1. Output needed for segment 58-122: three equivalent-ellipsoid semi-axes, defined as square roots of 5 times the C-alpha gyration tensor eigenvalues, in descending order, whole Å.
2. Would you mind calculating the relative contact order of segment 1-55 from Cα pairs under 8 angstrom and at least 6 residues apart, reporting the percent as a whole number?
3. Give me the distance in nm between label points sitting 7 Å out from Cα along the Cα-to-Cβ direction at residue 6 and residue 114, one decimal.
4. By its C-alpha gyration tensor, with a ≥ b ≥ c as the square roots of the eigenvalues, how is segment 1-79 shaped: rounded for a/c under 1.5, else prolate for a/b larger than b/c, else oblate?
5. Given a Förster radius of 35 Å and the C-beta distance between residue 75 and residue 23 as r, what FRET efficiency does 1/(1 + (r/R0)^6) yield to the nearest 0.05?
6. Residue 53 to residue 107: extension gain in nm, 0.36 nm per residue of separation minus the Cα-Cα distance?
7. Quick one: grab the alpha carbon gyration tensor of segment 43-91, order the square roots of its eigenvalues as a ≥ b ≥ c, and give me rounded if a/c is under 1.5, else prolate or oblate depending on whether a/b is larger than b/c.
8. Need one number: % antiparallel among DSSP beta bridges in the chain, to the nearest 5.
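Each value in this text was obtained by applying a stated rule to the coordinates, not by laboratory testing. This one's a predicted model, so the numbers in the text were calculated from it and none came from an experiment. Heads up, the Cβs are rebuilt from the backbone with ideal geometry, glycines too, and the neighbour counts pull from every protein chain shown.
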Ligand SMILES: [Zn+2]
Ligand SMILES: [Zn+2]
């Protein structure tokens, strides 16, 4: 039980879990796509797609945000849970949807050249 991490969207219609082991920490993405979708930079944890269990997905919808990635969100509450990099075996899971405490830290910032001008890059 405790070797699994769990999470959900705001309304709880989409729930997921994945194994805690081998988690590397969070990547903070400052690209414009994330800013416009999340209203901010988005911190995400990379999870092996094969190991991610989506337990309740009736309201889960996918939006193709580019040719390389699609975003998973809850069509009921609008919570944005996943970034699925189609050319990678990893699924990016939005940190804020993971039940705390996560025990993880931001370990890397990416797309910092397109970050918003209204905040500082978080320490990594
Ligand atoms: Zn929801
Ligand atoms: Zn991004």
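1. For segment 58-122, the semi-axes come out at 22, 17, 14 Å.
2. It rounds to 35 percent for segment 1-55.
3. Each label point is offset 7 Å from its Cα along the Cβ direction, giving 3.6 nm.
4. Oblate shape, in that a/c is at least 1.5 and b/c is the bigger or equal ratio.
5. Numbers: r = 28 Å, r/R0 = 0.80.
My answer for the efficiency is 0.80.
6. Working: separation 54, 0.36 × 54 = 19.44 nm, distance 2.42 nm.
Length difference between fully extended and current span is 17.0 nm.
7. Here segment 43-91 falls in the oblate category.
8. The answer is about 90 percent antiparallel.
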